[in-house]
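Heads up: the structure comes next, in structure tokens.
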Amino acid sequence: MSPRKILTIVFLAALLGIGYQSMNAAPVLSDQSYSYHGETKWHTNFSSARAVAVNQDKPILVYFWTTWCTYCEDYNQNVYSDPAVRAHLDDFVLVAVNLDNNSPEASRLKQQYGATYPPQHVAITQQGQQLAKINGYAKKKAFIDYLERAQRRANQ
Amino acid sequence: MTPGHILLYLALSVSLATIILLGRDYVKDAEKYSKYIPTLVGLTAGLLTTALIYLTYQFVTTDYSNAYVWNNTTDYLPLLYRITGVYAGNEGSVLLWATLASIVAFWAARMRGVSGQNRKLVQGITMGIVSFFSVMLVIQSPFNTITQEFPQAVPGFVPATGRGLNPLLVDPYMAIHPPVMFVSYALLTVPFAIGSAHFISLHRGQQGLFKKWYGSVLRWLRISWLFLTAAVALGALWSYTVLGWGGIWAWDPVETAIFIPWLFLTATLHAVTNYRPGRNYTVLAPAMTSTVFALAIYTTSIVRSGVFRSVHSFANEGIGLSLLILMAITAFLGVLLPLIYWFGQDGEGVTQDSKWITRSNLLHLAVLGLGTLAFISIWGLTFPLLRDLTTGIEVEVNAKYYNLWSYPIVLLILLLLGFYMDFDVEGHERSRIALGIFTALTIGAAFIKPSSAWQLASVSSTDTAFYRIVGNASVLSVVPPATYVCIAIIKRAFERIPNISRRGQLKEFGITLIHLGVAILVVSLAFTYLFTAQSSVIIQDARNDEAIHHVPESSYSVQAANYSETTKPRNPDPRRIALSSQQVLSKGSSLNGTIKAVHGTITAIKRGPRATVAQLDNSGVWIGLTGENQSSTSLSRGREIVARGAVMWNYVPQADAVVVTDARNVGPVSNPPPAINLTRVEKQSMDLRIYRDGNQIAAGNVGQSRYIKQGGMQVRDVLINRGLTQDTYVIAALNDGTASLTIKRIPLMTPIRIGVLFLLVGMILVLLFDPIHGLTAESHRSRTTVSKNEPTTSD
């Protein structure tokens, strides 16, 4: 077999390898019921999340995001990766809404909380009353402050 | 039917007629209609160009009777951005693409080229693409009227103002980037036609045409490569000035989509220059030639069919199906036909020598390497869709995927390039030693990390082994192979350039510049991303505070001045959107019950206990003010007013129409009530001076514009101070007097600009001065496209 043929076969095998490896190594964004952001796990169905919130007596945090939003990636990298942030997030039932999702439920939430661009977080009560809203990107400390404020209001 | 529709239908008819005539001559192997073909192709191009000019005219004059114009522009935009609106949506982009493709087809038809049956096939395929676009335009026309958009509207209804242009497109780079990109895509039509025709000819048991058309293919590909490179560079500069897109490159699906044809075209050019009739690359070179266009269509389909949403989704109202059909056709002609032929072959039918290190094997490796890079990008766009379709699991493709998979391949290509150039000059023995040394240096450098910032990516223990290995490597590893390339290329240039013809020298210089440009770009890009640093400061009362503020953790200080809040359009004239009394009367009872703004001069006033009414322009149109504030002083005779309210037809016997409203919704034309709401853009800005170590380094305007009627979308005006070693990039968020400033230090932007310049200048030199196939070459000027000599091996 000529060198060029051997090289071509190696090339094709490499492509298959890259294809297989990379597809399996890609971080999962969502499956049937959850959406994953950094090291956090968010409900994608608002109704079932609200049922969980009622059951556990927790407020709800709605996260409006998109796949193309670079600040959402910054949240994944810098904010959700922090254990202190995750500890605060545990006090909420988390719901992620992809702004590119045009389902009736997502549209209703977008309209109700005025979410027009990513990223936005809205902390709400189980009845849907707004507790706090974070427009755009907030650094770790500011993010935690918002969550604490929402938590205090929820307990009032 | 509008003149625009007629032009499109005519263009479609003429292009279809051309195809029929070409088809008839092709099947009968006759030349009966040959002499008419250039005229017909020219006529198609003329009709499409006229349609494009007509659409542009409608945009310039903001003719909102056209729904597409209404959708993509508005009055307050300057002329340049009204023109940009032409290709802001799908229909306009397709018209631009179709026009350019038809001009390219005309250009190709005008050049005598190679005669015979295959010429008709090539022309037929080229015109087939033009016709397909024309069909798309007829189905979804940029000339549809506003009445077609709103069938329930009254006849003759024309909106007073347009919806506006996507704010992200209001940028000088965006005015040029799309046309340059579509020029390159249009130029790819001819190589596609030649490549496909070649395989059709082979399938029919004929000779194929690649050998004869080689020079032509090379020129088309090179021109397209030049434009595509310019388009990528312009797009990158654009994203650099728009906040939040991660600098010049963010692997957004649309960025990736234009990069794929670029990479594949680069690989194709390497394969085509390695083509030797009957000996080398006889299948791969023509196959890749036809595949590039198919890939351009594939990537366009993916990003424009609405499957992908991205920051680039300016237009996604579904030209999906047409594009998917075009994708299937081009994939069949450009990819499947060559593959079928290749499978039917016993191989390339050539005895190859068994030596490993030959020039042609090294070039083959370059083609494979570039092909791998293209594959990584194609796969990145494709596999999330595949995985979602097959498992319902949505996965993320981020910069890490593209960067980490591409990085080792880029290093290998650089080492290979250095070796190839060195091998060309030094011969076997010494070049192998050099390769060994630089490979060892590359591997060694991968372990030198002065700090974590030098690491290619942050990886966690849950990442795959590949990500952990590459992500942990130091960015320093790019320096040895890039140095190797620079040394080898310059050495080769000194060796070869003095001893060849003038044209040959310019071409060699071009090749040297292109490869140097690549080496500079790779190093600078790798470093610029890892070493961008930022710090921030807040000025609480920017309206009144003109003090110099130190930016913590940096050597910068900033000073703000002239904080201002303005709106666009400035001093808008409500008469543009409000109806005159004459217009109200002419529209008649169709307005009954609708809420409208109306303007006119008060000619009579009657005040009653429950309402005040004012007559406009001595006509049958009256303004009726109800409520407590009826005695409003805004109503006096001779005053020109504007009012917004419900138009009631035959409401009272004394008047034709009464516009029922209240005092809040009435005001003088010079100061219209808020309900008229003419403001489109709220802009907050301030002047800023930037100091480094006490010395002023930049001054300019920063701020943001908020587009009220476009979802409140915000676009930032950033201040960029271009420096030799680093750019200082300031982003400001201004909110009610508070200015939050982020100052980024972005290193190595100057080398990136130089690298791009080297690429473009090098490409122009090669395109013009290739001694055999250059645009100025004798062989081309004498209008014979038959290659007189075998292609040179020096590429």
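The values are calculated or read from the model by the stated rules, or taken from the named source; none is laboratory data. Treat the numbers as computed from the prediction; the structure is a model and nothing was measured. Positions of Cβ are backbone-derived with ideal geometry, glycine not excepted, and every protein chain shown enters the neighbour counts. Just so you know, the surface numbers come from the protein's heavy atoms only, side chains and all, with ligands and any DNA or RNA stripped out. Shrake-Rupley method; radii C 1.70, N 1.55, O 1.52, S 1.80 Å.
Scan region B:586-616 for residues that are crowded, with 17+ Cβ neighbours inside 10 Å and not polar (S, T, N, Q) and jot them down.
Across region B:586-616, the qualifying residues are B:Lys587, B:Leu591, B:Lys596, B:Ala597, B:Val598, B:His599, B:Gly600, B:Ile602, B:Val613, B:Ala614, B:Leu616.
Just a yes or no: is a residue in region A:88-100 at pLDDT 90 or above, in contact with a Gly (Cβ under 9 Å, 6 or more places away or on another chain) and more than 14 Å from every other protein chain (Cβ to nearest Cβ)?
At the first step, the residues of region A:88-100 found to be at pLDDT 90 or above are A:88-97.
If we keep only those that are in contact with a Gly (Cβ under 9 Å, 6 or more places away or on another chain) too, we end up with none.
No, because not a single residue in region A:88-100 is at pLDDT 90 or above, in contact with a Gly (Cβ under 9 Å, 6 or more places away or on another chain) and more than 14 Å from every other protein chain (Cβ to nearest Cβ).
Just to be sure I understand the filter: pairs with C-beta atoms under 6 Å, separated by 6 or more residues or on different chains, first member in region B:502-514 and farther than 9 Å from B:Asp770 by Cβ, second member open to solvent by less than 20 Å² (accessible area, probe 1.4 Å). Which pairs pass?
Close Cβ pairs satisfying both conditions: B:Thr512/B:Ile489; B:Thr512/B:Ala493; B:Leu513/B:Gly762; B:Ile514/B:Leu759; B:Ile514/B:Gly762.
If we keep just the residues of region A:84-105 that are touching an Asp or Glu at 6+ places or on another chain (Cβ under 9 Å) and part of a helix (DSSP H, G or I), which is surrounded by the most Cβ atoms within 10 Å (Cβ to Cβ)?
Selected residue: A:His88.
Among the candidates B:Ala105, B:Ala160, single out the residue that is closer than 26 Å to B:Phe199 by Cα and either in contact with a Lys or Arg (Cβ under 8 Å, 6 or more places away or on another chain) or buried (at least 24 other Cβ atoms within 10 Å of the Cβ) (or both).
The match here is B:Ala105.
For region B:207-223, which residues satisfy the criterion of being touching a residue at least 12 places away in the same chain (Cβ under 8 Å) and more than 20 Å from B:Ala267 (Cα to Cα)?
Correct list: B:Gly208, B:Leu209, B:Lys212.
For region B:457-513, name all the residues that are assigned to a helix (DSSP H, G or I) and within 14 Å of another protein chain (Cβ to nearest Cβ).
Those that are assigned to a helix (DSSP H, G or I) and within 14 Å of another protein chain (Cβ to nearest Cβ): B:Ala465, B:Phe466, B:Tyr467, B:Arg468, B:Ile469, B:Val470, B:Gly471.
Please specify each residue of region B:725-734 satisfying the condition of being β-branched (Val, Ile, Thr), more than 14 Å from chain A (Cβ to nearest Cβ) and either open to solvent by 10 Å² or more (accessible area, probe 1.4 Å) or under 22 Å from A:Thr116 (Cα atoms) (or both).
B:Thr725
What residue, among those in region B:380-418 that are of a type in the set (Phe, Trp, Tyr) and facing chain A (nearest Cβ under 8 Å), is farthest from B:Tyr484 (Cα to Cα)?
Per the criteria, the residue is B:Phe383.
Give me the residue from region B:248-281 that is open to solvent by 30 Å² or more (accessible area, probe 1.4 Å) and under 20 Å from B:Gln207 (Cα atoms) and, out of that set, nearest to the chain's Cα centre (by Cα).
Taking the candidates together, the pick is B:Pro277.
Does region B:24-39 contain any residue that is open to solvent by less than 20 Å² (accessible area, probe 1.4 Å) and either under 30 Å from B:Arg163 (Cβ atoms) or modelled with pLDDT of 95 or more (or both)?
Taking every residue of region B:24-39 in turn, none turns out to be open to solvent by less than 20 Å² (accessible area, probe 1.4 Å) and either under 30 Å from B:Arg163 (Cβ atoms) or modelled with pLDDT of 95 or more (or both).
Output the residues belonging to region A:72-83 that are touching a helix residue (DSSP H, G or I) at 6+ places or on another chain (Cβ under 9 Å) and assigned to a helix (DSSP H, G or I).
A:Glu73, A:Tyr75, A:Asn78, A:Val79
Could you pull out the residue among B:Tyr556, B:Tyr529 that is surrounded by 21 or more Cβ atoms within 10 Å (Cβ to Cβ) and outside the structural domain of B:Gly638 (by the TED database)?
Answer to the selection: B:Tyr556.
Across region A:34-50, what is the total count of residues that are open to solvent by 60 Å² or more (accessible area, probe 1.4 Å) and either more than 12 Å from the chain's Cα centre (by Cα) or farther than 24 Å from A:Asp74 by Cβ (or both)?
Matching residues across region A:34-50 total 3.
Among (1) assigned to a helix (DSSP H, G or I); (2) open to solvent by less than 50 Å² (accessible area, probe 1.4 Å), where does B:Arg664 come up short?
So B:Arg664 meets the others, but not (2).
Filter region B:685-694 for residues that are open to solvent by less than 40 Å² (accessible area, probe 1.4 Å) and not β-branched (Val, Ile, Thr); which is farthest from B:Thr626 (Cα to Cα)?
B:Tyr691
Going by what's in this entry, would A:Gln111 be described as assigned to a helix (DSSP H, G or I), under 20 Å from A:Leu147 (Cβ atoms), open to solvent by 70 Å² or more (accessible area, probe 1.4 Å) and not small (Gly, Ala, Ser)? I'd like the intermediate steps shown before the answer.
Numbers: assigned to a helix (DSSP H, G or I): yes; under 20 Å from A:Leu147 (Cβ atoms): no; open to solvent by 70 Å² or more (accessible area, probe 1.4 Å): yes; not small (Gly, Ala, Ser): yes.
No: the conditions fail for A:Gln111.
One line per residue, one yes/no per condition, for (1) away from chain A (no Cβ under 14 Å); (2) more than 23 Å from B:Leu168 (Cα to Cα); (3) part of a helix (DSSP H, G or I):
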| site | (1), (2), (3) |
| --- | --- |
| B:Trp213 | yes, yes, yes |
| B:Val217 | yes, yes, yes |
| B:Leu226 | yes, yes, yes |
| B:Ile248 | no, no, no |
| B:Thr256 | no, no, yes |
| B:Phe264 | no, yes, yes |
| B:Leu269 | yes, yes, yes |
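Could you check how many residues of region A:1-47 are aliphatic (A, V, I, L, M), more than 8 Å from chain B (Cβ to nearest Cβ) and part of a loop (DSSP other than H, G, I, E, B)?
Qualifying residue count for the region: 1.
Hey, among B:Arg722, B:Arg753, B:Arg716, B:Arg745, which residue is away from chain A (no Cβ under 14 Å), in contact (Cβ under 8 Å) with a residue 40 or more places away in the chain and among the basic types (Lys, Arg)?
Only one candidate qualifies: B:Arg745.
Just to check your reading of the model, which residue among B:Thr483, B:Thr462, B:Thr512 is under 30 Å from B:Leu768 (Cα atoms) and either among the charged types (D, E, K, R) or out of contact with any helix residue (DSSP H, G or I) (no Cβ under 7 Å at 6 or more places or on another chain) (or both)? Give the steps one after another, and end with the answer.
Details: B:Thr462 fails: under 30 Å from B:Leu768 (Cα atoms); B:Thr512 fails: either among the charged types (D, E, K, R) or out of contact with any helix residue (DSSP H, G or I) (no Cβ under 7 Å at 6 or more places or on another chain) (or both).
Result: B:Thr483 is the single residue among B:Thr483, B:Thr462, B:Thr512 that is under 30 Å from B:Leu768 (Cα atoms) and either among the charged types (D, E, K, R) or out of contact with any helix residue (DSSP H, G or I) (no Cβ under 7 Å at 6 or more places or on another chain) (or both).
Pull up region A:48-71, narrow it to residues that are part of a loop (DSSP other than H, G, I, E, B) and modelled with pLDDT of 90 or more, then point me to the one that is farthest from the other protein chains (Cβ to nearest Cβ).
Only one residue tops the list, namely A:Asp57.
Among the residues of region B:353-368, write down those that are at the interface with chain A (Cβ under 7 Å from one of its Cβ atoms) and either surrounded by 14 or more Cβ atoms within 10 Å (Cβ to Cβ) or of a type in the set (Ser, Thr, Tyr) (or both).
Across region B:353-368, the qualifying residues are B:Ser354, B:Asn361, B:His364, B:Leu365, B:Leu368.
Quick check on this structure: which one of B:Tyr87, B:Tyr54 is surrounded by fewer than 23 Cβ atoms within 10 Å (Cβ to Cβ) and not aliphatic (A, V, I, L, M)?
Working: B:Tyr87 fails: surrounded by fewer than 23 Cβ atoms within 10 Å (Cβ to Cβ).
Matching residue, one of B:Tyr87, B:Tyr54: B:Tyr54.
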